[in-house]
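Just below is one structure, and these are the notes that go with it.
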Amino acid sequence: MLKLIAGFVLVMIPPVGWGNDIIDHGRRLYTQENSASATAVSLAGGITAPIRTFPCSGCHGLDGQGGKEGGVVVPPISREALKRSHGETEAEQFEKRVKLAVRDGTTPDGRALHPMMPRYPLTDSEIESLVAYLGELDHPAVPGVNELEIRIGLNFPESGELIPLAEAIRQALQEYIGEVNRRGGIWGRKLILQSVASAPEPFCYLLPMLPGGRATEESVPLLFPLGQTNRAEKRVLPLLADLQQQATLLVRWWLANDRREYEHALLVADDRQGALANRVSDLFRAAKVPLEVIEEKSVAEWPGFLLNDGDSVAVFWFAHISALTPFLSELDGRHPVAFYSGVDLVGQQLPALQQAALTNLTLSNPRGLPDRSAPEYHRYLQFRERLSSRLEHNDEAVRVAFAAAALLEEGLRRSGRRLNRAELTEQMETLHDFRTGALPPLGLARESGKYAQLIRYSSENGTFSVLLDWGNGEKLRSAEQPGSDRSSHTTGQ
Ligand code: HEC
């Protein structure tokens, strides 16, 4: 019956997860981490001692590569090392060697091992776990990861006006991660947050580089649950619509719904966003609608006076907010203006925008409102409750931190015990509709328009309402004429 059940479990649990449990058990035996076991080991001269005081790692090393202990050479015992020392290639030979050494202090050819090697009365299944774990020790070292820890980097500024925000996010992340660690960490490893200034390279970065953060190693993956990226860097795992995708969604909406109301369309983008400007220009060209493109640095010289008095203008703003005031003053209140932008780009400038002769303000929002229908929403509320005394006025920071940490946890759990960066990236890329409760469902945002929301400001009551909700960007795209857009060929990849 037991066998039957075990067989059933094997079918239900993916092999990776199953293997990970054994390996995790093996690791705990090897390191005796948190061990309260009453098992006694026998030492030379018939002495016994509690097993936790003689972990294998104490002599053979956390990496299994051996060394010297009190003048005695301690051999390496990882799978590959034993294969090399004894020329034994079969799994059974390896298992037999470990079993004999551990239980009897002998080798397969009958030699007694040095008396320093203790005897351990371990069961067959414990030996099996140890053997599985010794096989794991041969995998190449991954930066930021060792047997006991995974180091996660935060790239936040060290001074400036964003410090309070960065600090609030860090505190909330610390709270979440502390909870994960109290439950035993991930595959037995504790998560450690470190700032970008600390020396060892982290396994990955979490959250974007806030302005003022430092440039980081290109090889380190970046989990990114905000929406201000402007380049499709390979190592960046966006999970929310980046600026180009947000612009695409806004332009599609405008072309399908609003364009008849405006005489001119303008795109203001900073010069690092060539890809964004090209993409937007393509969409306009395909729809045979003229578009004027202005580089952010030329905003002040832009001859706004060339517009006829009273002409209405739709502005697609993907430039820095500091250029907004000079730009608006060019327009001089003589033209009805509609403003289309990312919520993060103009959020602070709402009052300035309201003073322009604004006909409408439509923003793409890569974060949106919490997904109240998700069962995880409740978990998020509890989390917020725990933090409320400390971070009362930082709802957004708490929300972003919670989603980021949940995402990190999920990615690391899915990656399994044998963690590496390629595996994490792969796991993230297959993540779809992942529900954190704090944000709408997340997934790798390489498909444009799927993971942003369009919201429109109502000047009457001073609030935003949802114009186009999550996922509906797909509908907007399929409603377009087939072939009217080059990117439609890539749909369904
Ligand atoms: C107090 C130090 C110490 C501890 C603790 C210890 N070992 Fe050893 N172990 C040794 C020494 C020394 C040798 C070499 C003996 C020899 O070559 O005669 C050895 C040999 C071995 C060998 C044989 C290697 C070979 O090439 O045949 C294996 C396998 C081994 N140990 C596994 C373990 C495991 C598994 C544990 C934990 C359950 C463990 N050891 C704990 C010191 C230790």
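Karplus-based coupling profile of segment 167-174, in residue order and whole Hz: 5, 5, 5, 4, 4, 5, 4, 4, with θ = phi - 60° in 6.51 cos²θ - 1.76 cosθ + 1.60 and x standing for Gly or Pro.
By the count of neighbouring beta-carbon atoms within 10 Å, fewest first, His86, His432 end up ordered His432, His86. Overall shape: prolate for segment 288-391, with the ratio a/c of the largest to smallest alpha carbon gyration tensor axis at 1.5 or above and a/b above b/c. For Phe54, Phe318, Phe284, the sequence from fewest to most other C-beta atoms within 10 Å is Phe54, Phe284, Phe318. The length gained on full extension between Arg260 and His139, counted as 0.36 nm times the residue separation minus their Cα-Cα distance, comes to 37.4 nm. With θ taken as phi - 60° and the Karplus curve 6.51 cos²θ - 1.76 cosθ + 1.60 applied, the whole-hertz 3J(HN,Hα) list for segment 84-96 is 5, 5, 10, x, 9, 9, 7, 4, 5, 5, 5, 5, 5 Hz, x standing for glycine and proline. Backbone amide hydrogens, once placed in the peptide plane, bring Tyr205 within less than 5 Å of Gly153, Leu222, Leu223, excluding anything fewer than 5 places away on its chain.
Got a sec? How would Ile321, Ile47, Ile152 order by Cβ neighbour count within 10 Å, fewest to most? Let's see the in-between values first.
On the way: Ile321 15, Ile47 10, Ile152 23.
Fewest to most other Cβ atoms nearby, the residues stand as Ile47, Ile321, Ile152.
Given their separation in residues at 0.36 nm each and the Cα-Cα distance between them, Ser198 and Asn472 gain 94.4 nm when the chain is fully extended. Amide H contacts of Ile294 (H built 1.01 Å from N, in plane; Pro and chain starts excluded): Leu267, Val268, Ala269 sit under 5 Å, all sequence-distant by 5 or more or on other chains.
Residue by residue, segment 267-281 carries 3J(HN,Hα) couplings of 10, 10, 9, 7, 6, 7, 9, x, 5, 5, 4, 5, 4, 5, 4 Hz when phi is fed to the Karplus relation 6.51 cos²θ - 1.76 cosθ + 1.60 (θ = phi - 60°); x denotes Gly or Pro.
Estimated at 0.36 nm per residue, the fully extended path between Ala352 and Arg456 surpasses their Cα-Cα distance by 35.8 nm.
Only aspartates and glutamates eight or more places from Lys96 in sequence, or on another chain, were considered; those with a Cα closer than 17 Å are Glu80, Glu88, Asp104, Asp109, Asp124, Glu126, Glu128. Of the trypsin sites (Lys or Arg not before Pro) found in segment 376-467, those in coil by DSSP whose Cβ has at most 12 other Cβ atoms within 10 Å are Arg390.
Defining a contact as two alpha carbons under 8 Å apart and six or more residues distant in sequence, what relative contact order in percent does segment 2-136 show? Each step should come with its number before you reach the end.
Details: 167 pairs, mean separation 37.4, N = 135.
Across segment 2-136, relative contact order equals 28 percent.
Between Glu149 and Lys190, the built amide H atoms are under 5 Å apart, and every one of these is 5 or more places off in sequence or on another chain.
We did not get these values from a lab; they are worked out from the coordinates using the rules stated. These figures come from a predicted structure and were not determined experimentally. Reconstructed Cβ throughout: ideal geometry from the backbone, glycine too, with neighbour counts over all protein chains shown.
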